Every structure is written in structure tokens, then in C-alpha cells.
1. Simple spin-label model, 7 Å along Cα-to-Cβ: Ser15 to Lys33 in nm?
2. Considering only Cys55, Tyr75, Ser44, whose Cα is most displaced toward the positive end of the charge dipole of the chain, charges sitting on Cβ of Lys, Arg (+1) and Asp, Glu (-1)?
3. Is there a quick way to get the dipole size of the range 7-85? I mean about its Cα centre, with the Cβ of Lys and Arg at +1 and of Asp and Glu at -1; what is the value in debye to the nearest 20?
4. Averaging sequence separations of C-alpha pairs under 8 Å and six or more residues apart, then dividing by the length of the chain, give the relative contact order as a whole percent.
5. For the pairs Lys14/Lys50; Lys36/Lys73; Lys50/Lys73; Lys41/Lys66; Lys23/Lys73; Lys35/Lys74, flag any whose C-alpha to C-alpha distance is greater than 26 Å.
6. Taking the alpha-carbon centroid of each part, what is the distance from the range 17-38 to the range 63-85 in angstrom?
7. Just to check I understand the Karplus step: with θ = phi - 60° and J = 6.51 cos²θ - 1.76 cosθ + 1.60, what whole-Hz values come out for the range 47-58, glycine and proline as x?
8. Which loop-located trypsin sites (Lys or Arg not before Pro) does the range 10-61 contain, where loop means any DSSP state but H, G, I, E or B and the Cβ has at most 10 other Cβ atoms within 10 Å?
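Just so it is clear, none of the values below were taken in a lab; they were calculated from the coordinates. From a predicted model like this one, the values you see are computed outputs, not experimental measurements. Using ideal geometry, Cβ is built from the backbone for each residue, glycine included, and neighbour counts are taken over all protein chains shown.
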Amino acid sequence: MTRNINNDYPESLKSDISAKRVKWKEVRKIRLKAKKELENKGLSVQEIRKNKEYCRLKREQMLLSKYIKHLEKKYNRKLTVAGKR
């Protein structure tokens, strides 16, 4: 497996993190809009949670959150290692 050398630098990790945060915010905005529309239709909380589109958006947002956390850990490790040199 070949590694992308650019991903090892803190600057590229920082830009990846910010890009994922922008995507996370977009998904959140769409998910909250979908939730509001479902509430306006008179659906209960349980019915909203079982809605396929709402579930897909929630799952996508959770995956992005996890990915952001992993990137932040990697970024902080790179900064710590760079600071010790």
C-alpha cells in the first residue's frame, strides 16, 4: 500500500480537517431542514428517526464526526513530534 506523502504534513491535515468540517456543517444544515419539514408534516419523533433520508443524513454526519476526530488526533501527534525535534 502506498502512502500519500502530503497527508503526513500538518498543513495538509489542517486543510483536510477544515474541509471535512465544512462538509459536516452542510450535512447538519440539510438534516435539520429535513427534520423541520417532517415535523411540519405532523410526524412524531419516533417516525422522524425512522425516516430513511433523515437516518442517512444522521449516519453521514456521524461518520464525518468520527473522521474529523481521527484527523485531529493525527494532526496533534504530528505537531507534538515536530515540537520535540
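1. 2.8 nm
2. So the residue furthest toward the plus end is Tyr75.
3. Values: 26 positive and 10 negative charges, 41 e Å.
Roughly 200 debye, rounded to the nearest 20.
4. Details: 41 pairs, mean separation 38.7, N = 85.
Result for the chain is 45 percent.
5. Details: Lys14/Lys50 35 Å; Lys36/Lys73 34 Å; Lys50/Lys73 33 Å; Lys41/Lys66 32 Å; Lys23/Lys73 19 Å; Lys35/Lys74 34 Å.
Long pairs (Cα-Cα over 26 Å): Lys14/Lys50; Lys36/Lys73; Lys50/Lys73; Lys41/Lys66; Lys35/Lys74.
6. So the separation of the two Cα centres works out to 23 Å.
7. 5, 5, 5, 8, 5, 4, 5, 5, 5, 4, 5, 5
8. Of the trypsin sites (Lys or Arg not before Pro), the ones in loops of the range 10-61 whose Cβ has at most 10 other Cβ atoms within 10 Å are Lys41.
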